[in-house]
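The values are calculated or read from the model by the stated rules, or taken from the named source; none is laboratory data. This is a predicted model, so every value here is computed, not measured. FYI the Cβ positions are ideal-geometry reconstructions off the backbone, even for glycines, and counts take in every protein chain you see. Ligands, DNA and RNA are stripped out before the accessible areas are found, and what is left, the full protein with its side chains, is counted by its heavy atoms. Shrake-Rupley method; radii C 1.70, N 1.55, O 1.52, S 1.80 Å.
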Amino acid sequence: MAVEGSSDVTTVHEWTGLEARALRRALRMSVRVFAQHLGVAPRTVAKWDQLGTATRPRPDTQAILDTALARANSATHLRFETLLLELGQDVDQGLRVTRMGPRAWDYETWTDDLDRAVVALSRQSFSYATDLLNRWLTCYDPHALDDKGLYLFARSTTLFGDLQRDQGAVAGPLSARRSYLNARSIYGQLDIPRRIAQLDLSLAVVAEMGGRLDEAAKEYEALAVDDRLSPRDRARARLWVGTALSKNDKNDYAARLMTTAIREFENLGETEDWSVAHQKLALAHRGAGNLSEALRLIDLARATAVTDAPMQRVRLETAYGHVLLSDRATVDDGVVILDRAAREAAQHGLAHQLRSIEGIQRTIQGEIRLPLPRRSGSNRVSVKQQVITDEQWQHAHTIWDYHQMHHDLSQCDVAIGLGSHDLGVARAAVDLHRAGWFPLLVFSGATSPTTAARFPRGEAVHYREHALDLGMSDEAILLEPNATNTGQNVALSCQVLADAGVRPGSVLLISKPYMERRAYATARKVWPEVEVVCASEPLELDDYVSSIGDPKLVIDMLVGDLQRVIEYPKLGYAIEQPVPGGVHDAYQALLRAGFDSRLLTP
């Protein structure tokens, strides 16, 4: 016997007495009433009950039982399947229900869960939203679903993309962009133009978050006049054109577009969007140097805020702090407000907002500090204010891409988070653990001259605290607090794992984006018997520069790490890595231009 589920009913391929008994009990009928219902003798039903799988009804009775089951309601089907699971688990028969797709009651529950997930996301309850969505995304193969199931699968995938976006995962294989593209493909298959356009809008948002401002602005402009979208979504697209332009220092035109969007929101009665638009307009005026108008607009946005969700609180406080930091008279107040926003962003796992806040903080710190003195032996002044040409940026992008290993993620026995100045390593570790790529993590690192002020208790300790703030379980984290270089990160982490009784065959190395290759080469030298996979926070170079707030320093670090990739194998610290000619040329050009503050000292 086999039982197979379609989208609405359960079908029995061959009835035995066991299935007949389960159907009688599911219908809540006595032997006599069930016999009358089928038009058979009561002794026949009693025989089915007594003999179970040892008896099989005649073919004509099989058809009668098929009809009785097909005419039963969904509640009866659910009871029937449950009874079979209870009755049919002997060694010879195994499970007697095979579910090939969702039932009608599954669709109802699925829809309810999606409504709950929307509410959870609005409150930044990411763990609960993840559980609700994964309950369905991991349950069914979309290729086996009917149109209704595909629609719910696409909605679930879209919401999962929203979750990834709100947590700052906007690029890479485990990103909002990938989820949005998958959902868009399904909506294309179902031919639902409105949903496709909404996903185009979401893809433009993640392009903006990833620093691709020109690309995002062009897509927003097209969607602002796209009839597939609702008037509200078209007004949002117009507002976001202004946001992308403002981030690209085109503040006057951005302000005009945002003002138009504000009028549209007012006409539509969209009070929340109206308030948020004033917040964004305030930042455009801040960028244009009109601080009094920026302060008026941000005060208006704070006074009219409709929602008290953590995401909007952090965004509003970040904007307010940014405006205050732009005026030397209110810098101290801005620092306090931005610190408060950073703590709340960390508490709720808002990684993108936290990176933005840290970028603002570094930028302000850089603007108020004195230029660094000339380095001996260098013919250039290594200061943040150095103008970086388009050609130098192109060289930096070449080296940035080379430093990343572009490994496909695979399941690993453990992971090691390599200590540095960059909290993005801890954020990436939490995201990868949450996605199930490893069960156990070692944070490794003491302090160094570049991290002592920021992480006084040690890099590993601060990484662990940040991971706990983002919701990672303490039981999944081990500490290695003594390493002062990459070789020690690997070797001492190996010892910590051995002391814990863990002898892995594979390890996921999590580092700064531009440190992947050096970490890989070092690990293959120090720990050659394990398989090494590299990963980092999925950031573009422009986004990483924004998070650091010092373009010159970032390029110096890229050049310094490439020097180490080249030189460390000669010293026995790492295995050799091939350096393509274009990468070597970019390296030499940046050296000649004075990007040399992070070179090895002779």
(request) Could you please let me know if Thr486 is over 22 Å from Arg355 (Cα atoms), assigned by the TED database to the domain that holds Glu576 and at pLDDT below 95? (result) yes
(request) Look through the range 477-495, keep the residues that are among the hydrophobic types (A, V, I, L, M, F, W, C) and open to solvent by less than 10 Å² (accessible area, probe 1.4 Å), and return whichever of them is farthest from the chain's Cα centre (by Cα). (result) Ala483
(message) Can you tell me which of (1) surrounded by 23 or more Cβ atoms within 10 Å (Cβ to Cβ); (2) in contact with a Leu (Cβ under 8 Å, 6 or more places away or on another chain); (3) modelled with pLDDT of 95 or more is the one Val532 doesn't meet?
(response) (1)
(request) Scan the range 254-281 and report the pairs whose first residue is without any contact (Cβ under 8 Å) to a residue 24 or more places away in the chain and whose second residue is aromatic (Phe, Trp, Tyr) and open to solvent by 50 Å² or more (accessible area, probe 1.4 Å), with Cβ atoms within less than 6 Å and a gap of 6+ or a chain change. (result) Glu266/Trp274
(request) Tell me which residues, restricted to the range 305-338, are surrounded by fewer than 16 Cβ atoms within 10 Å (Cβ to Cβ) and either among the charged types (D, E, K, R) or at pLDDT 85 or above (or both). (result) Asp308, Asp327, Arg328, Asp332, Asp333
(request) Answer yes or no as to whether Ala428 is modelled with pLDDT of 90 or more, farther than 19 Å from Leu497 by Cα and in a helix (DSSP H, G or I). (result) yes
(request) Go through the range 440-470 and count every residue that is within 18 Å of the chain's Cα centre (by Cα) and either in contact (Cβ under 8 Å) with a residue 12 or more places away in the chain or closer than 20 Å to Leu492 by Cβ (or both). (result) 4
(request) Give Asp60, Asp90 a once-over and let me know the one that is loosely packed, with under 14 Cβ neighbours inside 10 Å, at pLDDT 85 or above and either within 30 Å of Leu152 (Cβ to Cβ) or acidic (Asp, Glu) (or both). (result) Asp60
(request) State whether the residues of the range 550-571 include one that is under 26 Å from the mean Cα position of the chain (by Cα) and either of a type outside the set (A, V, I, L, M) or surrounded by fewer than 19 Cβ atoms within 10 Å (Cβ to Cβ) (or both). (result) yes
(message) Between a residue in the range 525-553 that is in the same structural domain as Leu492 (by the TED database) and any residue that is assigned to a loop (DSSP other than H, G, I, E, B) and among the aromatic types (Phe, Trp, Tyr), which pairs come within a Cβ distance under 7 Å, given they are 6 or more apart or on different chains?
(response) Lys525/Tyr573
